[in-house]
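The structure appears below as structure tokens.
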Amino acid sequence: MNEVRSATKALIPKLAERNTDELLYPHPFGFELNASQWAHFIAIHETTHIRQLQRIREANQ
């Protein structure tokens, strides 16, 4: 997770220099997201997993 976070943080300033509306990549569920939408999705998705891990740790204490 730390590696993905570092890579994402390094990519964000580069995205600010471009028109991200044109940078499309498909989602596995059959729709496309642009780079800005993917960055937002990754942030939400990562936060969800972090909370899951915290609940698992708390349950095992």
(request) With unit charges on the beta carbon (Lys/Arg positive, Asp/Glu negative), name the residue among Leu11, Met1, Ile44 whose Cα is farthest towards the positive pole of the charge dipole of the chain. (result) Met1
(message) From the protein chains alone at 1.4 Å, what is the descending order of accessible area for Thr20, Thr47, largest first?
(response) Thr47, Thr20
(request) Whenever you get a sec, compute what percent of the accessible area on the chain sits on carbon and sulfur atoms (1.4 Å probe). (result) 56
(message) Averaging the inverse of every distinct alpha carbon separation and then flipping it gives the Kirkwood radius. What is it for the chain, in angstrom units?
(response) 13.2
(message) If you count only protein heavy atoms with a 1.4 Å probe, what accessible area per residue comes out for the chain, rounded to a whole Å²?
(response) 88
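The values are calculated or read from the model by the stated rules, or taken from the named source; none is laboratory data. Remember, it's a predicted structure, so these values are computed and weren't measured experimentally. We place every Cβ from the backbone using ideal geometry, glycine too, and count neighbours over all the protein chains shown. Remember, those area values only see protein heavy atoms, side chains included, never the ligands or the DNA or RNA. Shrake-Rupley method; radii C 1.70, N 1.55, O 1.52, S 1.80 Å.
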